[in-house]
1. Tell me which label goes with the value of Rg and Dmax of the Cα atoms in Å computed from the coordinates here: [x] 25.4, 84; [y] 21.8, 70; [z] 29.1, 94.
2. Beyond 32 Å between alpha-carbons counts as too far, so tell me which of 219/424; 227/435; 37/435 fall in that bin.
3. Counting only DSSP beta bridges with both residues in the stretch 160-291, what percent are antiparallel, rounded to the nearest 5?
4. If you count the DSSP beta bridges with both ends in the chain, what percent of them are antiparallel, to the nearest 5?
5. Test of the criteria: in the stretch 280-342, which chymotrypsin sites (Phe, Trp or Tyr not before Pro) are in a DSSP loop and have at most 13 other Cβ atoms within 10 angstrom of their Cβ?
6. With a sphere of radius 13 Å drawn around the Cβ of residue 116, what net charge do the other residues whose Cβ falls strictly inside it have (Lys, Arg +1; Asp, Glu -1)?
7. Once you put a point 7 Å from the Cα of residue 104 and another 7 Å from the Cα of residue 392, both along the Cβ direction, what distance in nm separates them?
8. For the stretch 107-210, state which GluC sites (Glu not before Pro) are in a DSSP loop and have at most 16 other beta carbons lying within 10 Å of their beta carbon.
Amino acid sequence: MIKIIPLGGTDDIGASCIYLNIDGTGLLLDCGVHPKKKGIDSLPELDLLNNLPLDYVFISHAHQDHIGALPILIKRFPHVIIYTTPQTQEIAYLTLHNAVTIIEKEFDDQSLILYSHDEIDLLVKSIIAVEYNDEIQLKGLRHKTLEPVVVQFYDAGHILGSASILIKYKHKSYFYTGDIKTSPQQIMNGSKLPRYLVDTLLTETTYGSVSSKDLPELKVEMKRFAKSINKVLSKGGSVLIPVFALGKTQEVLAVIYSLMKTNEITEVPIYTGGVGPKISHVYDKNRFIVNVRDKNFELSKIPQENLYNITDPTYFNRKPGIVLAASGMMIENTTSFKLAKHWLRQKDFGIFFVGYVDVDSPASRIYSAKKNDRIKLTEFSDPIEVKCEVDKFSFPSHSNRKELLGIIQKYKPNQVILLHGENKSRDWFGYNILKEFPNVKVYAPTTGSEILIES
């Protein structure tokens, strides 16, 4: 009997963490934090593990909502063995240290600092790196049979090092998509799915509530993006693009440089900073190993100015440019949040969103506003009048709903478990899966609920 218990990341984007008990062997798929919460409140429900066997953790990729709680987990369960891809291991060293540095700078409350730099060093060294497609054979301390659990990573196409996870046991298989992008982006070349029957599919549903028609092809969106950037630059303004340091920074930087090389965007300085350029170096170093579109393309060869050398935002009034700043959600006290306060007041400037925007984030408050509206970026901040251009562009690193339904069509699993999406996204998938595949059993679990599947 297989027991599946989500500890987080069910009806929301954050704190992804799924527990599986496979005949006495305990596995965790991811262990992330919630980006909108702080301290202990940001963690998955790890207390649910207290009376359960736990032997192994598999990390799908290095975004904080999938790996950020791993140091806390290891404090509580130091015997657990951790597996991920070599690229995720290398990026995790950068992103986890960066998370500690940000929290130390921004919060005086020590209860919000959940782990230290020394603990990150020890954690990352303890991770076992496994290449895509290589088999890992496992038996936990309480495993009840002679047959091992077999696990493989498959390229998920989401960001560098991202993996979907295939688990095989007793002629049955369980496939966890993680964050997946089946079609190409500007750098990443799309996922590589296993040629293997899948009995149970655990899938993300991020874009379930967005019609595939509203997610245009990359080339079409690049032209609209270029036109909007040029409109701002022609007026002497600067463009602010809120991005996640990992994945979105690299993809959008590649898009902008491609458009500059073909003279579709006016050549102006590109500003980046923080951990983003360090992650870009990891991308460059691994370009011959992983599935990228152009193995000769190097992010580090794109001319970039260090955003962190500029302390006065009026600098961008005097020297227009394109600024890529974290975070993508404009979380309070991040660089993009601070710059937005200046940008919103400039009639010739533009703020352009390029990825998922959570409805409760400061980014959503800006995106939802109309020109001349007065908005509060947080509950306690002063209102700011929106004078700049605001727009949103679709450069998704997640599969659209048509692509995810294609995975179900490919495997025709017996069970589908819907994760990593708002309820309206999961509702859309639930309805359409049952409509197109009436023999499939669909689960939309809540945190802490149990799903039992015959092994």
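None of the figures in this text is laboratory data; all of them are computed from the coordinates on show. Everything numeric in this text was worked out from a predicted model, so none of it was measured. Using ideal geometry, Cβ is built from the backbone for each residue, glycine included, and neighbour counts are taken over all protein chains shown.
1. [y]
2. Working: 219/424 29 Å; 227/435 40 Å; 37/435 36 Å.
227/435; 37/435, as the Cα separations exceed 32 Å there.
3. On the way: 5 of 8 bridges.
Percent antiparallel among DSSP bridges in the stretch 160-291 is about 60.
4. Values: 31 of 65 bridges.
Around 50 percent antiparallel, to the nearest 5.
5. Answer by residue number: 288.
6. Details: positive: 75; negative: 104, 118, 119, 121.
Cβ neighbours under 13 Å give a net charge of -3.
7. So the label points at residue 104 and residue 392 sit 3.6 nm apart.
8. Details: sites: 119, 131, 135, 204; in loops: 131, 135.
Qualifying residues, ordered by number: 131, 135.
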